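One structure is given here, and the rest of the page talks about it.
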Amino acid sequence: MIRFEEVSVTYEGAAEPTVQGVDFEVPEGELVLLVGPSGVGKSTVLGAVSGLVPHFTGGTLRGRVTVAGRDTRTHKPRELADVVGTVGQDPLAHFVTDTVEDELAYGMESLGLAPEVMRRRVEETLDLLGLADLRDRPIATLSGGQRQRVAIGSVLTPHPRVLVLDEPTSALDPAAAEEVLAVLQRLVHDLGTTVLLAEHRLERVIQYADRVVLMPAPGAAPLHGDPAEVMSVSPVCPPVVDLGRLAGWTPLPLTVRNARRQAAGLRERLAKARQTGVLPRQYAPAAPAAPHIPLPSPRRRLFRRAATPGSPAPAQIAEVGSLAVRRGGITALRHIDLTVAPGETVALMGRNGAGKSTLLGSLVGLVEPTAGTVRVGGAVPHRTQPRDLVRRVGLVPQEPRDLLYADTVAAECTAADRDAGAAPGTCRALVSELLPDITDDTHPRDLSEGQRLALALAVVLTARPPLLLLDEPTRGLDYAAKARLVAVLRELAAEGHAIVLATHDVELAAEIAHRVVLLADGEVIADGPTAEIVVSSPSFAPQVTKILAPQPWLTVAEVREALA
């Protein structure tokens, strides 16, 4: 169905090809997973299937890509639209209408399908993706995850023979991600749809793949084959595979179920380790001071928060009492009580639309409470001038580009220093720490998702806010980039900053959060230590916890340390 023949792509101004030596086939009716570190060209390979590369992106494509017998060099994207459906990393870039139902119908209208066919397919897609309750909602009022489902639905309704998806579950909560992947699997198995997708959260998708294509490094030829064989040598792998490698399991498990079948010996070894006093981090005795997670190695401290000499640290950095928020006739939050202490990392979790982003918006002053109180560092955020507020709280939104408006990295840094009243060069020093290879004249739009996140984080940290808020911070990050982010956030927490992050990434929460606050329908339904909350939740438990239950281990790093 899809055939790559010695394909290479070189963009204008680039000294080397972004991808080269791409030679593999995706048979009809298979789900093929494209994996690899950030920046290796996965999105370029996906774009070549739909014809966006090179017809829209520019550059030079050598070799040949055919889809259902059509050569993408001679067929432009509009000439492939009836065969290929594409969903990119940014769902907002796809929308051309205002409401959910209109968006689902738009692609079929463009193909001239009969009204009765359109109506039936819209209803089927609303049910498949759990969007029936949102059919009349304006797209602008949807959460990030809801928008992602609408974007996927809009390409499903024309019934394409090939689906190309770039990070399809990145903004979805665990339950919604399972629903979407189950739909894709049904399309593959029951309708013979061919699916090619790239995804960083391999723990969600690896078990659904018929084959895996690994792009190990920029410009390196891909390796393709059976998922277990490829995962055994892949530089990126989900926790279940990482744990299997650590334990030496053969065959290498790809699912929690298969891993549990092999885990009896490992559980015995870990039980003995606990008897000798080796405890998972989350169960270790708490120190009387604020939480402190040491870095693995000393680093230059660029993130120290300024404090008044001799003044005691505040008991709480943020306090929320009986908070309620109504937006557009919808109650987004109700009866929210929350406190965040210095040095504490809190993960806000819950299904899409639960109110996580609204709560972050209230803490940073973007959302005015309908009732209740919000205080950050003693100030009321929505009544505080922005120049004063940036020294108290900073937000890195779901879309980091929302903070980036200059033409170069250097200009972004200069503006950040000016807005924060910081010494010239402060922001650039942060960028150098987070992105050592990025030059001053780089345009922010030319950065990868992970690089844009790092730049936005540097911009926010320039003002050294005591409270840092992050909305879906690992979206678009591979495992290595996520590890770098975790190291930075741990250092910030160790130096007294409070961190609140809204995330669907259960592995991130297990790695870094001291507390988990679980939201549902705008209310707090659970608030407690990370292990206590996630271990008891089938949806939000990390893979290691599911494999080693009833023992309370959360991450592969904890297991590795215990075995050592």
| Between residues in segment 232-254 that are without any contact (Cβ under 8 Å) to a residue 60 or more places away in the chain and more than 13 Å from ILE206 (Cα to Cα) and residues that are assigned to a loop (DSSP other than H, G, I, E, B) and open to solvent by less than 50 Å² (accessible area, probe 1.4 Å), which pairs lie under 8 Å by C-beta distance while being six or more apart or on different chains? | GLY244/LEU252; GLY244/PRO253; ARG245/CYS237; ARG245/LEU252; ALA247/ALA263
| request: For segment 217-254, name all the residues that are part of a loop (DSSP other than H, G, I, E, B) and crowded, with 17+ Cβ neighbours inside 10 Å. | output: PRO222, SER234, VAL236, CYS237, PRO238, TRP249, LEU252, PRO253, LEU254
| request: Kindly state which strands (runs of 3 or more DSSP E) lie completely within segment 304-416 and contain at least 1 residues that are in contact with a helix residue (DSSP H, G or I) (Cβ under 9 Å, 6 or more places away or on another chain), hydrophobic (A, V, I, L, M, F, W, C) and at pLDDT below 90. | output: 330-340
| note | For segment 185-202, the count of residues that are in a helix (DSSP H, G or I) and surrounded by fewer than 23 Cβ atoms within 10 Å (Cβ to Cβ) equals 7
| task | Name every residue in segment 72-89 that is open to solvent by 30 Å² or more (accessible area, probe 1.4 Å) and in contact with a strand residue (DSSP E or B) (Cβ under 9 Å, 6 or more places away or on another chain), in order of residue number. | result | ARG73, HIS75, PRO77, GLU79, THR86, GLN89
| request: Give the residue, chosen from THR141, THR169, THR125, that is among the β-branched types (Val, Ile, Thr) and either open to solvent by 40 Å² or more (accessible area, probe 1.4 Å) or touching an Asp or Glu at 6+ places or on another chain (Cβ under 6 Å) (or both). | output: THR141
| query | Which residue, of THR60, THR72, is closer than 30 Å to ASP190 by Cβ and among the polar types (S, T, N, Q)? | reply | THR72
| field | Selection count where residues are more than 13 Å from THR141 (Cα to Cα) and either polar (S, T, N, Q) or open to solvent by 60 Å² or more (accessible area, probe 1.4 Å) (or both), scope segment 98-111 | value | 5
| task | Could you give me the residue pairs with C-beta distances under 8 Å whose first residue belongs to segment 130-147 and is without any contact (Cβ under 8 Å) to a residue 12 or more places away in the chain, whose second residue is open to solvent by less than 60 Å² (accessible area, probe 1.4 Å) wherever it lies, and which are 6+ apart or on separate chains? | result | ALA132/LEU126
| Restricting attention to segment 255-292, and to residues there that are at pLDDT below 90 and among the hydroxyl-bearing types (Ser, Thr, Tyr), which single residue is farthest from the chain's Cα centre (by Cα)? | THR276
| When you scan segment 175-194, how many residues do you find that are among the β-branched types (Val, Ile, Thr) and under 21 Å from the mean Cα position of the chain (by Cα)? | 2
| said: Suppose we keep only residues that are of a type outside the set (D, E, K, R) and under 25 Å from VAL35 (Cβ atoms) within segment 441-454. Which one would you say is surrounded by the fewest Cβ atoms within 10 Å (Cβ to Cβ)? | reply: SER448
| query | From the list ALA209, ALA177, which residue is small (Gly, Ala, Ser), under 25 Å from GLY244 (Cβ atoms) and modelled with pLDDT of 90 or more? | reply | ALA209
| segment 264-278 - residue that is aliphatic (A, V, I, L, M) and over 20 Å from GLU511 (Cβ atoms) and, of those, least open to solvent (accessible area, probe 1.4 Å) | ALA271
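Yes or no, residue by residue, for (1) farther than 22 Å from LEU333 by Cα; (2) touching a residue at least 60 places away in the same chain (Cβ under 8 Å); (3) in a helix (DSSP H, G or I); (4) open to solvent by less than 10 Å² (accessible area, probe 1.4 Å):
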position: CYS427; (1), (2), (3), (4): yes, no, yes, yes
position: PRO436; (1), (2), (3), (4): yes, no, no, no
position: THR439; (1), (2), (3), (4): yes, no, no, no
position: VAL459; (1), (2), (3), (4): yes, no, yes, no
position: LEU469; (1), (2), (3), (4): no, yes, no, yes
position: ALA480; (1), (2), (3), (4): yes, yes, yes, no
position: LEU501; (1), (2), (3), (4): no, yes, no, yes
position: LEU519; (1), (2), (3), (4): no, yes, no, yes
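The values are calculated or read from the model by the stated rules, or taken from the named source; none is laboratory data. Only a predicted model underlies this, so the values are computations on that prediction, with no experimental measurement involved. Cβ sites come from the backbone with ideal geometry, for glycine too, and all protein chains shown count toward neighbours. Accessible surface areas use protein heavy atoms only, side chains included; no ligands, DNA or RNA. Shrake-Rupley method; radii C 1.70, N 1.55, O 1.52, S 1.80 Å.
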